[in-house]
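Novice: This is the structure I have questions about; it appears just below.
Every read-out reported here was derived from the displayed coordinates using simple, explicitly stated rules and does not represent laboratory data. Just so you know, these numbers come straight off a predicted model, no measurement behind them. Cβ placement follows ideal geometry from the backbone for every residue including glycine, while neighbour counts extend to all protein chains displayed.
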Amino acid sequence: MTPPLEHAYRYCPLCGGVLTAKLIKAGEPKRLVCGGCEHVVYLDPKVAVGTIIRMEDDRIILVRRAIEPGFGKWVFPGGYVDRGEEITTAATREALEETNLNVRLLGLINIYSYTGRTPVIIVYAATVVSGVLRHCDESLEIRHFSRNEIPWQDLAFRSTQEALRDYFDGHLYCHGFQEN
């Protein structure tokens, strides 16, 4: 859960003055404001991407996490988008880093966000272009699963479960993607 606003940051990134939570505009949440220079610090969400990668046998790839949060739980490959990085580039980069596979994005499955949580998770469907399946140091193992084999009770995050259900239910937004 997101910590209270008062615990997010204590000092202004511009002048070092003390930040306090203040209501700036009615109807909006309190913002952190510097008592010295009056700079407003906006706490923005983190953007993460994920890819549900379909193998030739129609199974999908999941990795078992070797890091927190979700240590030991299963998730599709994904991670945070770097500042200034295109979202689709981040999705293919994370897939390569976590699976050793070059993938082609087929379309957007959905975007997931939750009250009180920092990340916004953008999930794509993808297919393998090249590479040899191998897990990275952030995972304990990597496997491919049919829909009936997925360890639903051992999935790492709510977004993992919802995106997999959306994927298997055929939700796919293909705007901007080309079929080859």
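Novice: Grab the Cα-Cα distance for Y42 and T89, subtract it from 0.36 nm times how many residues apart they are, and report the gain in nm with one decimal. Walk me through the numbers before you get to the answer.
Specialist: On the way: separation 47, 0.36 × 47 = 16.92 nm, distance 2.59 nm.
So the chain would gain 14.3 nm between Y42 and T89.
Novice: Working from Cα positions, state the angle (0 to 90°, nearest 10) between the long axis of helix 158-168 and the longest principal axis of the chain.
Specialist: The angle comes out at about 40 degrees.
Novice: Taking 0.36 nm per residue of sequence separation and subtracting the Cα-Cα distance, how much length would be gained by fully extending the chain between D169 and V129, in nm to one decimal?
Specialist: 12.0 nm
Novice: Compute the FRET efficiency between T115 and L140 as 1/(1 + (r/R0)^6), taking r as their Cβ-Cβ distance and R0 = 41 Å, and round to the nearest 0.05.
Specialist: 0.85
Novice: Then there is this: So if each residue of separation counts as 0.36 nm, and I subtract the Cα-Cα distance between Y9 and K22, what length gain in nm does that give? Intermediate values should be presented prior to the final figure.
Specialist: Numbers: separation 13, 0.36 × 13 = 4.68 nm, distance 1.35 nm.
Result for the pair: 3.3 nm of gain on full extension.
Novice: Separate question: For the chain, modelled as a Gaussian network with Cα springs under 10 Å, which listed residue fluctuates most, K22, K46, K73?
Specialist: Checking each option, the largest mean-square fluctuation is seen for K22.
Novice: How far is the Cα center of the range 114-137 from the Cα center of the range 61-106, in Å?
Specialist: The distance from the Cα centre of the range 114-137 to that of the range 61-106 comes to 3 Å.
Novice: Ok, one more. To the nearest 10 degrees, how steeply does helix 87-99 sit against the main Cα axis of the chain, on a 0 to 90 scale?
Specialist: That helix lies at roughly 60 degrees to the long axis.
Novice: Also, quick follow-up: Out of the trypsin sites (Lys or Arg not before Pro) in the range 96-148, which ones are loop residues according to DSSP with at most 16 other C-beta atoms within 10 Å?
Specialist: Within the range 96-148, the qualifying trypsin sites (Lys or Arg not before Pro) (loop, at most 16 other Cβ atoms within 10 Å) are R117, R134.
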